[in-house]
Amino acid sequence: MAKKTATLTLNIDDETKCMDLPIYSGTVGPDVIDVGSLLSEGLFTYDPGFMATSACRSSITYIDGGKGTLMHRGYPIEQLAQKSSFVELCYLLLFGELPDGQQYTHFESRIRNHTMVHDQINNFFKGFRRDAHPMSILCGVVGGLAAFYHDHMDITVKEDREISAIRLIAKMPTIAAMSYKYNIGQPFNYPRNDLSYSENFLYMMFSNPCEEYKLNPVCAKAMDRIFMLHADHEQNASTSTVRMAGSTGANPFACISAGIAALWGPAHGGANEAVLKMLDEIGDASEENIQHFIDRAKDKNDPYRLMGFGHRVYSSFDPRARVMKETCDEVLTELGMADEPQLKIAKRLEQIALEDDYFIERKLYPNVDFYSGIILKAMGIPTNMFTVIFAVSRTVGWISHWHEMLSDSYKLGRPRQLYVGSSQRDYRSKK
Ligand code: ACO
């Protein structure tokens, strides 16, 4: 596979040694150096946060952070967001190509026919406090799915992996909506299979037995776009967690539950919730007030950061944020909320930050989460559900990576460490 090599000169304890390390080239993007043979020299690499480490090969998603490019299976996210749908994107991510008409109909109907959850799962919910964070409910319930769907859980069988993928994609909106209904003390809604994926999610969230829920097509389209824009993002923290869990041979539901846990953190999927909290805290859109928060974000003695700004990979802009901003304007105009103070604060904050040297020098731009929270809030979705919605979208990315890993040769994920603790010492009781 390697056509090039890199020569590494090791100069350790006055001994010099050269090693030829294979270089692999991908379709696009930086080459990678295979450092595996360092182990034979008793050496490990050190790269906290995996800033320069490729842990796998993948053909699902490509990001060029410098150019602000995101492609799924080669298709730019902007084109997919404009012309495709979430369900079609799920097919693309899972199987590698866009479906033809027949493949699409078959795939969509498989998803529609798996939207309901086992009736016993309702009992799980009763064990949670009513005020439990819906992410904690999601982690628990998704992990628990393995107890119900063990009929097709042989991870070595491609068809079993596919049926687990379909089940997860189909049931996530149902479980997410149930978490919300449980929180607010309303009865659960069964899914309606005559609706599209995104319409059905909004219906399960907002319909109640006392009044008819009128679906707004602009909101349904925006929901579909939000699902699409979050569907996959190559080897991010939660996807790497799913791959790591999957490398042990764990079942798909356990792996996705691990991904949900990793997504929950405010540096990752929790950021959209954090953006809304930040906008609430900022409160008024006056220049001095916004400047005060910008100054805090720049102050090295203050841990405060502008939520929704910055990204580990994107250094020019986040292409998803552009589409999200457009969608935000569409939804707020449709709902007659274009003058919402939070939107005004967000736009002003973005403008000031983009002109400020601190943010320019560090290449800090609004990320996908900066506007998604405003859209979700305008649609009536409470803040604590934002990361849950991210998890619903990302499930297809997680399961596609898991499926890809298991379809290829893979190794148990087991990083090494730089040990900085005590060297060997003899036990002497301190009691
Ligand atoms: N506000 C203010 N300063 C920031 C911000 C921010 N949001 N983000 C980074 N910086 C500064 C850091 O203080 C640091 O400055 P220094 O070089 O003077 O020390 C520099 O920019 C680099 O920051 P790092 O933390 O080293 O960058 P890293 O790549 O590790 O972090 C992260 C990326 C976690 C996303 C960070 O930008 C952040 O915390 N953003 C806010 C949270 C957020 O929006 N997360 C969502 C990410 S997108 C997603 O998961 C869907």
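The values are calculated or read from the model by the stated rules, or taken from the named source; none is laboratory data. None of these values were measured; they are calculated from a predicted model. All Cβ positions, even for glycine, are placed from backbone atoms using ideal geometry, and neighbour counts span all protein chains on display. Side chains are part of the model used for accessible areas, which takes the heavy atoms of the whole protein and leaves out ligands, DNA and RNA. Shrake-Rupley method; radii C 1.70, N 1.55, O 1.52, S 1.80 Å.
Here are the numbers for this structure:
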quantity	calculated
Among (1) under 22 Å from residue 216 (Cβ atoms); (2) open to solvent by 20 Å² or more (accessible area, probe 1.4 Å); (3) within 15 Å of the ligand (Cβ to nearest atom), the one test that residue 357 misses	(1)
Of all residues in region 215-232 being open to solvent by 30 Å² or more (accessible area, probe 1.4 Å) and among the hydrophobic types (A, V, I, L, M, F, W, C), the one that is farthest from residue 80 (Cα to Cα)	215
Region 248-306: number of residues that are among the hydrophobic types (A, V, I, L, M, F, W, C), part of a loop (DSSP other than H, G, I, E, B) and away from the ligand (no atom under 14 Å from the Cβ)	2
Some residue of region 339-348 being more than 16 Å from the ligand (Cβ to nearest atom) and outside any helix (DSSP H, G or I)	yes
Total residues in region 130-148, condition outside any helix (DSSP H, G or I), touching a residue at least 40 places away in the same chain (Cβ under 8 Å) and open to solvent by 20 Å² or more (accessible area, probe 1.4 Å)	3
So residue 256, is it open to solvent by less than 30 Å² (accessible area, probe 1.4 Å), of a type in the set (Val, Ile, Thr) and farther than 21 Å from residue 407 by Cβ	no
Residue ID - surrounded by the fewest Cβ atoms within 10 Å (Cβ to Cβ), chosen from residues in region 168-214 that are assigned to a loop (DSSP other than H, G, I, E, B) and small (Gly, Ala, Ser)	185
Residue list for region 326-353, filter: open to solvent by 70 Å² or more (accessible area, probe 1.4 Å) and either of a type in the set (Asp, Glu) or in contact with a helix residue (DSSP H, G or I) (Cβ under 8 Å, 6 or more places away or on another chain) (or both)	326, 330, 334, 339
Checking residue 421 against (1) open to solvent by 20 Å² or more (accessible area, probe 1.4 Å); (2) within 20 Å of the chain's Cα centre (by Cα), the condition it does not meet	(2)
Complete set of residues in region 307-332 that are near the ligand (Cβ under 9 Å from one of its atoms) and not in a loop (DSSP other than H, G, I, E, B)	309, 320
Out of 367, 384, sole residue that is touching a His at 6+ places or on another chain (Cβ under 8 Å) and at pLDDT 90 or above	384
Members of region 217-247 that are part of a helix (DSSP H, G or I) and away from the ligand (no atom under 16 Å from the Cβ)	217, 218, 219, 220, 221, 222, 223, 224, 243, 244, 245, 246
Contacts under 6 angstrom Cβ, first residue in region 355-368 being farther than 24 Å from residue 230 by Cα, partner open to solvent by 20 Å² or more (accessible area, probe 1.4 Å) and modelled with pLDDT of 90 or more, 6 or more apart	358/298
From the options 20, 64, residue that is over 29 Å from residue 163 (Cα atoms), open to solvent by 50 Å² or more (accessible area, probe 1.4 Å), free of Cβ contacts under 8 Å to residues at least 40 places away in the same chain and out of contact with any helix residue (DSSP H, G or I) (no Cβ under 8 Å at 6 or more places or on another chain)	20
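Matching residues to (1) in a helix (DSSP H, G or I); (2) modelled with pLDDT of 95 or more; (3) open to solvent by 10 Å² or more (accessible area, probe 1.4 Å); (4) away from the ligand (no atom under 15 Å from the Cβ):
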{"position": "377", "(1), (2), (3), (4)": "yes, no, yes, yes"}
{"position": "396", "(1), (2), (3), (4)": "yes, yes, no, yes"}
{"position": "403", "(1), (2), (3), (4)": "yes, yes, yes, yes"}
{"position": "410", "(1), (2), (3), (4)": "no, no, yes, yes"}
{"position": "425", "(1), (2), (3), (4)": "no, yes, yes, yes"}
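Every residue, every condition in (1) at pLDDT below 85; (2) out of contact with any helix residue (DSSP H, G or I) (no Cβ under 9 Å at 6 or more places or on another chain); (3) buried (at least 22 other Cβ atoms within 10 Å of the Cβ), yes or no:
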site	(1), (2), (3)
277	no, no, no
285	yes, no, no
299	no, yes, no
303	no, yes, no
307	no, no, yes
313	no, yes, no
